[in-house]
Amino acid sequence: MGSGKSRLAKVLSESLNCSHHDLDDLISQTYGNTIEEIFNSEGEISFRKMENKQLRLLNVNFGVVSMGGGTPCFYDNMNWMNSNGVTIYLRAKIPTLVKYLSKEDGVTRPLLRGVQKKDLPEFIAKHLFERQYFYEQASISCNIETLGWEDGLVQKITNLN
């Protein structure tokens, strides 16, 4: 949440000269509602079912797929993703995530609805704690606080091919 996954996916797809797919965009297109509308009208569990189904419908031989930070944590999504591609965990410290999320004017994240800025560090810490087990199963772990991390990550992925 707030680590820059969507932006990095675009950078990676350009660097690797491949397609980029955003899972949330695909869900919105398929079901005709924004993610926020789905959360509001049908709830998180229904959204996670849609997400799980859409993830498995992806037919990407060589491409980059960006997704929300909760995706790996439901059903067997992380196992499925690791079996069907290379997964990347973008590690960041809580103050960094707070800074990024605080800058997002007008960005609507359903899980942040009702969270006050003063409560953001605790909210992020709780979610990181709950998600850590899944994130640590990623094929590649990358510290986004390290200078030049994007170039290093592109190089790692390039060497895999």
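The values are calculated or read from the model by the stated rules, or taken from the named source; none is laboratory data. Since this is a predicted model, take the numbers as computed values, not measurements. Counting neighbours? That spans all protein chains shown, and the Cβs are built from the backbone with ideal geometry, glycine included.
Key figures for this structure:
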read-out: Matching residues in region 139-161 - criterion: being within 21 Å of P95 (Cα to Cα) and part of a helix (DSSP H, G or I); value: W149, E150
read-out: Criterion (buried (at least 20 other Cβ atoms within 10 Å of the Cβ) and of a type outside the set (V, I, T)) met by exactly one of F39, F62, F47, F74; value: F47
read-out: Where I124 falls short, out of the listed (1) among the aliphatic types (A, V, I, L, M); (2) under 27 Å from T158 (Cα atoms); (3) within 15 Å of the chain's Cα centre (by Cα); value: (2)
read-out: Verdict on V98 being buried (at least 16 other Cβ atoms within 10 Å of the Cβ), at pLDDT below 90, more than 28 Å from K53 (Cα to Cα) and hydrophobic (A, V, I, L, M, F, W, C); value: yes
read-out: Complete set of residues in region 15-50 that are out of contact with any helix residue (DSSP H, G or I) (no Cβ under 9 Å at 6 or more places or on another chain), outside any helix (DSSP H, G or I) and over 19 Å from V64 (Cβ atoms); value: G32
read-out: Search result, residues across region 106-138 that are at pLDDT 95 or above and outside any helix (DSSP H, G or I); value: E136, Q137, A138
